[in-house]
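So the structure is just underneath, and the comments pick up after that.
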Amino acid sequence: MIEQELLEYIDTEIAYDRAEPLAPDEPLLDGALDSVDVLRLVVFVEDRYAMRVEDDDLLPENFATVTAVADLVRRKTQS
Amino acid sequence: MTAGLLQVLVREAAERTPVAPAVRHADEELTYGELAERSSSVAHALHAAGVARGDRVVLHLPKSVDAVVALYAILEAGAAYVPVEPGSPAPRVADIVEQCRPRCIVTWSGARGKLTPELCRLADVSSIFAVDDAEPFEDLPVRALTMHEASTAMPVSSPEALAAEDDLAYVLFTSGSTGTPKGVMLSHGNALAFVNWAVDRFSLRPDDRLSNHAPFTFDLSVLDLFGAAAAGACVTLVPERLGMFPTRLAELIERERLTVWYSVPSVLTLLTTRGNLGARDLSSLRWILFAGEVFPVKYLRELVRAIPHARYANLYGPTETNVVTCYEVQEVASGRTEPVPIGSACPYAECVVVDEDGKVVTEPGGQGILCVRGRTVTQGYFGRPDETAAAFVPHPLTADGGPLYSTGDAVMLDGDGNLLFLGRHDHMVKTGGHRVELGEIETMLFSHPAVGDAVAVAVPDDVLGSRIRAFVVADGVSEKELKAACALRLPRYMVPERIDFREALPRTATGKVDRTRLLDESIDAPFSVR
């Protein structure tokens, strides 16, 4: 399940300083991730799901929550 | 009229062009008239709160037009602003507050919980102005109110506080190798020597629109904010989260019709590689300025190709000196692989290259450490006379005019009279333009009881300059826990992206940790592959 994998990745690699685990619909861009984190997440999904995040996919709405990232992955890998 | 003070730039612009836009951010805009009046009334409120000439006021809040009002108000009140990034963890905020002992803190409700009663007592803070909601601070032993409440009945004319150009204007905290950040003190005169030069060098004028991408904690913001004010131009604050999305940044440049862009190179690299620049009308850009780290030349070349009509300049200088050299990029030859020079000395700076024997380097090809004196050079580190003394070296040729600030940057003189940046001999590195002392990270790792040995290395990275990685000898602690421990005190960009556990760290023949070997191993095993 994509959401679960993303949550695990973010939990260990990015949101390591959080007391509570991240929820799928929790906002990522209001302090949870900085600009380098977003790029790391891009590299992770590109490697893990063998897809390319195009310039025009790299938008706040696609990285707003884990659910949004998972939706992006599904869109890009199904088409 | 008091000449030689930064806030006078706004007052003068307000007299010349009161309705011209001064600051823009998201959907807010302030004219020079509004900025002058609002910052003056907040300055009166700061005086009423006990702030006096020579005091410090901490500015701990996200970017907004209110943050700029507060910044000028602090200067109008005769005090120095001490910016602290909104994302800073509580202990780091406490470190800085304890060191600089501000009379007042201007903040926002997001700082809830970071400012504690103990801290306010210890640092002798008497009031807190919140730009949004003061309720989170009402239980603290201070006078807490909103900036609006504090200033609403105050006069809108300048309080004309007594001040001189040697007074501190701001204190910028940077990474310190011993484990706590150190505050670089900069005066109005320091800032203005640079700002006046920049206005002239880049022909800044009233119809310019400058970007402000850097946080206020970063001295790149000095050009954006005060350069704009000196020219009577407008500065557009780039919203923090936009920086994550290059196509949105490109859109902002187009929409705001920005004419002068100034940022670290890594942001420009992302714009170049992921900003889809071809789809945008960026014809408004006159100057693209960059500083803070080496711009990989292949991306600079691509950027020049994408935005050919703009002029480009590489600015150089640590926080302690602000910009002291400048190089205007003429063309980036297709075969060039080495970075463009950092250029030649700005007119207010004496740049001296001192070699290992303490001799001044004057011949092309000669190498040494770049040492600087001049009007932009800091008076030193706040409350740290020993570190201040250690940062300066005697002038090898003359004692007149005082000692030189030693940047620690190794440079080479080329045949055209320009300086080339070579690197550093110590453990200070740059990541995304941020200055990082590896020793500060190691101190944090060592402070964890489970850690027996630790070293941090900077792995070269195409976009960010370098990425931080650490190796530890530790039992009974996870990587996640160690990172979390680091994040308690360090800003995010200093927390190692990856921490590897070892039985023992490799040593050199002299018994030191073999950083070179660990670095080579890191380069062979990239971050994303486990």
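Every number in this text was worked out from the coordinates using simple rules, so none of it is lab data. Just so we're clear, the structure is a prediction, and the values are computed from it rather than from any experiment. Positions of Cβ are generated from backbone atoms using ideal geometry, with glycine treated the same way; all protein chains shown enter the neighbour counts.
General remarks:
- The charge dipole of segment B:428-524, taken about the Cα centre with unit charges on the Cβ atoms of Lys, Arg (+1) and Asp, Glu (-1), comes to about 300 debye, rounded to the nearest 20.
- Put in order of Cβ neighbour count within 10 Å, fewest first, the listed residues B:H213, B:H427 become B:H427, B:H213.
- Chain A: most fluctuating residue of A:D30, A:D56, A:D47 per GNM, C-alpha cutoff 10 Å: A:D56
- Distant-in-sequence amide contacts of B:T180, defined by a placed amide H-H separation under 5 Å and a gap of 5 or more residues or a different chain, comprise nothing.
- A DSSP coil position with no more than 16 other Cβ atoms inside 10 Å describes the following trypsin sites (Lys or Arg not before Pro) in segment B:490-523: B:R502, B:K512.
- The residue list B:G365, B:P403, B:V57 was ranked by how far each Cα lies along the charge dipole of the protein assembly as shown toward its positive end, using unit charges on Cβ atoms, and B:G365 comes out on top.
- Equivalent ellipsoid, segment B:347-426 (semi-axes from 5 times Cα gyration tensor eigenvalues, Å): 22, 14, 12
- All-pairs alpha carbon distance profile, segment B:428-524, 10 Å steps from 0, percent: 16, 52, 29, 3
- Loop trypsin sites (Lys or Arg not before Pro), segment B:339-380 (other Cβ atoms within 10 Å of the site Cβ: 16 or fewer; DSSP): B:K359
- By DSSP, the beta bridges lying fully in segment B:428-524 are antiparallel in about 80 percent of cases.
- Sorted ascending by nearby beta carbons within 10 Å, beginning with the fewest, B:S284, B:S447 become B:S447, B:S284.
- Distance (nanometres) between label positions extended 7 Å along Cα→Cβ at B:R101 and B:Q367: 4.5
- Degrees between helix A:35-48 axis and first principal axis of chain A (Cα, 0 to 90, nearest 10): 50
- Using C-alpha pairs below 8 Å separated by at least 6 residues, the relative contact order for segment B:347-426 is 30 percent.
- Taking only the C-alpha atoms of chain B, Rg followed by Dmax gives 23.1, 70 Å.
- Spin-label model, B:I523/B:V19: points 7 Å from Cα along the beta carbon direction are separated by 6.1 nm.
- Taking amide H positions as modeled 1.01 Å from N, with prolines and chain starts lacking one, the residues under 5 Å from B:V329 and 5 or more places away or on another chain are B:Y312, B:A313, B:N314.
- Applying 0.36 nm per residue to the separation of B:D207 and B:E149 and subtracting their alpha-carbon distance, the gain on full extension is 17.5 nm.
- At full extension, B:V477 and B:V360 could sit 37.1 nm farther apart than now, given 0.36 nm per residue minus the alpha carbon distance.
- When the Cα gyration tensor is reduced to axis lengths a ≥ b ≥ c, the ratio a/c is 1.5 or higher for segment B:381-463, and with a/b not above b/c it is classed as oblate.
- Charge dipole of chain B about the Cα centre (unit charges at C-beta), most positive-ward option of B:S109, B:I288, B:W197: B:I288
- At an R0 of 22 angstrom, the distance between the Cβ atoms of A:T67 and B:F501 translates into a FRET efficiency of 0.10.
- A:T12-B:N196 FRET efficiency (beta carbon distance; Förster radius 41 Å; 0.05 resolution): 0.25
- Dipole magnitude of segment B:32-187, debye to nearest 20 (Cβ charges: Lys/Arg +1, Asp/Glu -1, about Cα centre): 380
- For the protein assembly as shown, the antiparallel share of DSSP beta bridges with both residues in that region comes to about 60%.
- Antiparallel beta bridges, as assigned by DSSP with both residues in chain B, represent about 60 percent of the total such bridges.
- For the peptide A:8-19, the mean number of other protein chain Cβ atoms found within 10 angstrom of a residue's Cβ is 4.
- Normalised contact order of chain B, rounded percent, pairs of Cα under 8 Å and 6 or more residues apart: 11
- Estimated from helical segments only, the mean residue ellipticity of chain A at 222 nm is -13500 deg cm²/dmol, where each DSSP H run of four or more residues counts as -39500 (n - 2.57).
- Sites B:F446 and B:D514 - FRET efficiency at Förster radius 22 Å, r taken between beta-carbons, to 0.05: 0.75
- Calculated mean residue ellipticity, 222 nm, chain B: -8000 deg cm²/dmol, from DSSP H runs (n ≥ 4) at -39500 (n - 2.57) each, averaged per residue and rounded to 500.
- At q = 0.11 Å⁻¹, base-10 log of I(q)/I(0) for the protein assembly as shown (Debye sum, equal scatterers on each alpha carbon): -1.15
- Across segment B:428-524, Cα pairs under 8 Å and at least six residues apart give a relative contact order of 27 percent.
- Footprinting exposure proxy ranking of B:C100, B:C371, fewest other C-beta atoms within 10 angstrom first, gives B:C100, B:C371.
- Net length gained if the chain between B:D132 and B:H309 were fully extended (0.36 nm per residue, minus Cα distance): 59.5 nm
- Judged by the ratio a/c of the largest to the smallest principal axis of the C-alpha gyration tensor, segment B:32-187 counts as oblate, that ratio being 1.5 or greater while a/b is no larger than b/c.
- At most 13 other Cβ within 10 Å, DSSP loop - GluC sites (Glu not before Pro), segment B:135-170: B:E138, B:E160
- Amide H partners (placed H, <5 Å) of B:A130, local residues excluded: B:T107, B:L145, B:T146, B:M147
- Taken about its Cα centre, the protein assembly as shown carries a charge dipole of roughly 620 debye when the Cβ of each Lys and Arg holds +1 and the Cβ of each Asp and Glu holds -1.
- Compared with the dominant Cα axis of chain A, that is its longest principal axis, helix A:66-78 is turned about 20°.
- Across segment B:507-515, rounded Karplus estimates of 3J(HN,Hα) from the backbone phi angles (6.51 cos²θ - 1.76 cosθ + 1.60, θ = phi - 60°) give 10, 7, 4, 8, x, 7, 4, 7, 5 Hz, Gly and Pro being marked x.
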